[in-house]
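To keep things clear, I will list the structure first and then write my remarks on it.
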Amino acid sequence: MKPRLLLVDDEPDVRLGFSLYLAKVGFTVIEAASLAEARRVLASSPVEAVLLDLNLPDGNGLDWIADLREGQPAIAIVVVTGKGDISIAVEAMRRGADHFLSKPVNMPELEVFLFKAVETGKLRRTSEAQRRLTKKAQAYFGQSAAMKAVLDLATLAAENESPVLLQGETGAGKGVLARWIHDHSPREAMPFVELSCAGLRGELIASELFGHARGAFTSAVADRPGLLDIADGGTLFLDEIGELDPGVQSQFLTVLEEKRYRRLGDVRERRSAFRLVCATNRDLAAEVESARFRADLHYRINVFPIVLPPLRERPDDIPGLVATMLAAQGCPDLPVSEDAIRLLREYPWPGNVRELRNAIERALLLSRRSTLRPEHFAWLRAAPPAAETARGRASGDLERIQAALREHEGNVERAANALGMSRATLYRRLQRARSS
């Protein structure tokens, strides 16, 4: 993607000269002849750099620099003026400009500075948390044929820009795979922004996605950028997309089609060049048939579907997953008995990889970080075999949920965590088990 540059100068000939040169060396140039026009452009078309003349018809460019820097901390600001006044240069830098040039401008020098400034801006936009994450070991998905096929598709998805829909049961690793796709894509240095659609409704999720202007609703005491603002140039990951509020589905479809949106309570149109990855544990085709999910939105997000198989269908991956989880807990060389591995392979893992991770953490506590044996996974022994019928599985779910609730004295949150599932999933399985 070419870096976008906003050129603000009231002289058409000057704009033409800059535009021709900068477009030739690889920039997408957007022109503005006044401060007012520049503000309108910036509100709807995010850019990586601003080339700003000081003497404009509706004001002095110096007066805009501080506001521009406050609203766009990562942007590169280069001031260009016909006056080689040192005091003006110092003042421009004090207010937040990155560089000051006098006309006539040395174009090769400007080119080099702009490209360096754009790269610096990318680093500014990369959060410290993201930088820490990139230092962690690569995610391990397994070596089974099924997971190799999934990773082949994920690699193809990372090389392209089409929307990706990750499908699979709760805890199967959809969020980890979404992050893997981002980290192996050309957008890896840009933000990875995640939002769970579960439990957010109406105005709340619209505010999270689109942002809001001050006074848009009772608690909107200040302007707030939405996740679409933050995800510009990066990846937007919508988890549990099947639970997206129906009132927001049509708005989000428009964003996908046009990459344009408005903050709540704001009339200005904005743009965001994000890449979309979604995940769901629901059958979206069935949700469409029951009119709980828009068919047109389903078509738009289901361009490149990837289905993650449940852990019970790939027991050969369990030894490698266990070794990876032990290493993450600081015990890379901790022995695991063959009987314990056999038990883990035979258990159906209704909570999938997330439940396995919780089981390993619990077993480490029980074993005091010594060799893991079957007795350290005693609560798994009564689990029904993976080949049980649907009715038997539901019955097994009920027994495990009831046992977890008893163990945690009725605390649903702790019981759900112990089973490696969300509260919503626990309630859903409990209801399904009781009705079977």
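The values are calculated or read from the model by the stated rules, or taken from the named source; none is laboratory data. Only a predicted model underlies this, so the values are computations on that prediction, with no experimental measurement involved. We place every Cβ from the backbone using ideal geometry, glycine too, and count neighbours over all the protein chains shown. Only protein heavy atoms, including side chains, enter the accessible area calculation; ligands, DNA and RNA are left aside. Shrake-Rupley method; radii C 1.70, N 1.55, O 1.52, S 1.80 Å.
Looking at 39, 69, just one residue is among the charged types (D, E, K, R), out of contact with any Asp or Glu (no Cβ under 7 Å at 6 or more places or on another chain) and modelled with pLDDT under 90, and that residue is 69.
For every residue, the table says whether it meets (1) of a type in the set (A, V, I, L, M); (2) within 30 Å of residue 185 (Cβ to Cβ).
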{"site": "41", "(1), (2)": "yes, yes"}
{"site": "62", "(1), (2)": "yes, no"}
{"site": "66", "(1), (2)": "yes, no"}
{"site": "89", "(1), (2)": "yes, no"}
{"site": "100", "(1), (2)": "no, no"}
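Residues that are open to solvent by less than 60 Å² (accessible area, probe 1.4 Å) and out of contact with any strand residue (DSSP E or B) (no Cβ under 8 Å at 6 or more places or on another chain) do occur in region 5-18. Just a yes or no: is a residue in region 166-177 outside any loop (DSSP other than H, G, I, E, B) and closer than 23 Å to residue 1 by Cβ? The answer is no; no qualifying residue exists. Applying a threshold of 9 Å to beta carbon distances and a minimum spacing of six or more residues, or different chains, the list of pairs starting in region 67-96 at a residue that is without any contact (Cβ under 8 Å) to a residue 12 or more places away in the chain and at negative phi and ending at one that is among the hydroxyl-bearing types (Ser, Thr, Tyr) and open to solvent by less than 60 Å² (accessible area, probe 1.4 Å) reads 85/102; 89/81; 89/102.
Every residue in region 184-197 that is of a type outside the set (A, V, I, L, M), in a strand (DSSP E or B) and either at pLDDT below 85 or buried (at least 19 other Cβ atoms within 10 Å of the Cβ) (or both), please. Within region 184-197, 192 is the sole residue that qualifies. Does residue 200 qualify as being open to solvent by 10 Å² or more (accessible area, probe 1.4 Å) and modelled with pLDDT under 90? Answer is yes for this residue.
If the condition is being over 38 Å from the mean Cα position of the chain (by Cα), under 23 Å from residue 13 (Cα atoms) and exposed (fewer than 15 other Cβ atoms within 10 Å of the Cβ), then region 86-114 contributes 103, 104, 106.
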